[in-house]
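Novice: Encoded as structure tokens, here's the structure I'll be asking about.
The values are calculated or read from the model by the stated rules, or taken from the named source; none is laboratory data. In this text, all values refer to a predicted model and were calculated from it rather than measured experimentally. Counting neighbours? That spans all protein chains shown, and the Cβs are built from the backbone with ideal geometry, glycine included.
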Amino acid sequence: MLTKGLGTLPNFVDLNPIFQKLGLCTRPQGKRGTCSVFAVVGALEYALALRNGKGIFLSVEFLNWASHKVANRRADGGFFSELWDGFINYGICSESDMLYMQEFNPGLQPSEEILKKATELKVPLDIHWIKEWDVNTGLSDQHFVDIKRILSRQFPVCGGFRWPKAEQWDDQILRMCPPEDVFDGHSIILSGYRDIHTQPGGGVFAIRNSGGKSREGYLSYEYVKTYMNDAVWIG
């Protein structure tokens, strides 16, 4: 948790031009339940690219396998904590070494060569929890400020959300809905924000989204405050 009183935050932050400069786009997850894997991999790609000065696509499939290995999980996808444990234990390889599959294969096993390559990318990075997972609460005021502060320091934030059962978008902004119309859940990356007094809650967050038809969009401050289950950043 960060602390209060660390200066005034800018009213606009956009990390998408940095992602673009590093050559990192958001890839689609297809019909698989791997949104959390895509979010963590996206944050890892960004952190590694900042260290190296250029980006490479990392293997969602490998991190999915690694997290299953350490968590003894058989179902597709994983929690942020499991995915991080997978990275700490096994590292991660490039996307070209282990391609993402359209269907989940629970019997998948990386070769010894791929396992060796993955350890070479296991560089010193840390995961930082802004809000630990809780499906019954949204963000506190301090969580909200901390997320904006991390974004202003030019780090993206991975978030797990309660998500609409039937998405509706107005000018790329996800429409707010009541609790009975959301499910748990969906993970995305917050990649910026803009204070707009006419928007619910006073502004919007830019998102990078592996699910659905569009890779980009916006969530109102109200939506994020109400339905964000957990929040982490990697750096």
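Novice: So in the stretch 185-233, with the set limited to residues that are part of a strand (DSSP E or B) and aromatic (Phe, Trp, Tyr), which one is nearest to Gly42 (Cα to Cα)?
Specialist: Trp233
Novice: From the set of residues in the stretch 155-213 that are of a type in the set (Gly, Ala, Ser) and touching a Cys at 6+ places or on another chain (Cβ under 6 Å), which is farthest from Leu83 (Cα to Cα)?
Specialist: Looking at the filtered set, the residue picked out is Gly211.
Novice: Let me ask something additional. Report yes if Leu108 is out of contact with any strand residue (DSSP E or B) (no Cβ under 9 Å at 6 or more places or on another chain) and either farther than 25 Å from Glu216 by Cα or acidic (Asp, Glu) (or both), otherwise no.
Specialist: So Leu108 fits the description; yes.
Novice: What is the one condition in (1) outside the structural domain of Ala43 (by TED's automatic domain parsing); (2) of a type in the set (Phe, Trp, Tyr); (3) under 21 Å from Phe38 (Cβ atoms) that Phe144 does not satisfy?
Specialist: (3) is the only condition that Phe144 fails.
Novice: Provide a single number: the residues in the stretch 73-93 that are more than 22 Å from His186 (Cα to Cα), surrounded by fewer than 16 Cβ atoms within 10 Å (Cβ to Cβ) and of a type outside the set (A, V, I, L, M, F, W, C).
Specialist: 1
Novice: Tell me whether the stretch 201-214 contains one or more residues that are within 14 Å of the chain's Cα centre (by Cα), among the charged types (D, E, K, R) and at negative phi.
Specialist: yes
Novice: Could we say that Cys177 is in contact with a Lys or Arg (Cβ under 9 Å, 6 or more places away or on another chain), on the phi < 0 side of the Ramachandran plot, surrounded by 15 or more Cβ atoms within 10 Å (Cβ to Cβ) and not assigned by TED's automatic domain parsing to the domain that holds Ser81 here?
Specialist: It is true that Cys177 is in contact with a Lys or Arg (Cβ under 9 Å, 6 or more places away or on another chain), on the phi < 0 side of the Ramachandran plot, surrounded by 15 or more Cβ atoms within 10 Å (Cβ to Cβ) and not assigned by TED's automatic domain parsing to the domain that holds Ser81.
Novice: Counting only residues that are surrounded by fewer than 20 Cβ atoms within 10 Å (Cβ to Cβ) and under 20 Å from Ala43 (Cβ atoms), how many does the stretch 97-116 have?
Specialist: Summing the residues that are surrounded by fewer than 20 Cβ atoms within 10 Å (Cβ to Cβ) and under 20 Å from Ala43 (Cβ atoms) in the stretch 97-116 gives 1.
Novice: Please find, within the stretch 96-124, the residue that is nearest to Asp85 (Cα to Cα) out of those that are charged (D, E, K, R) and free of Cβ contacts under 8 Å to residues at least 40 places away in the same chain.
Specialist: Lys122
Novice: When both residues are 6+ apart or on different chains and their Cβ atoms are under 6 Å apart, which pairs have a first residue that lies in the stretch 131-152 and is within 22 Å of Ala206 (Cβ to Cβ), and a second that is of a type in the set (S, T, N, Q)?
Specialist: Pairs found: Gly138/Thr226.
Novice: Checking Gly53 against (1) out of contact with any Lys or Arg (no Cβ under 8 Å at 6 or more places or on another chain); (2) not assigned by TED's automatic domain parsing to the domain that holds Met101, which single condition isn't satisfied?
Specialist: Tallying (1) out of contact with any Lys or Arg (no Cβ under 8 Å at 6 or more places or on another chain); (2) not assigned by TED's automatic domain parsing to the domain that holds Met101, Gly53 fails exactly one: (2).
Novice: Take the residues of the stretch 180-216 that are surrounded by fewer than 20 Cβ atoms within 10 Å (Cβ to Cβ) and in contact with a Lys or Arg (Cβ under 8 Å, 6 or more places away or on another chain): which is farthest from Pro156 (Cα to Cα)?
Specialist: Asp181
Novice: Right, another one. Report, by residue number, each residue of the stretch 47-97 that is in a helix (DSSP H, G or I), among the acidic types (Asp, Glu) and over 17 Å from Ile127 (Cα atoms).
Specialist: Glu61
Novice: Within the stretch 56-79, is there a residue that is over 20 Å from the mean Cα position of the chain (by Cα) and of a type in the set (Gly, Ala, Ser)?
Specialist: no
Novice: Further question on the same structure: Return yes when Lys225 is farther than 19 Å from Asp14 by Cα and without any contact (Cβ under 8 Å) to a residue 60 or more places away in the chain and no when it is not.
Specialist: no
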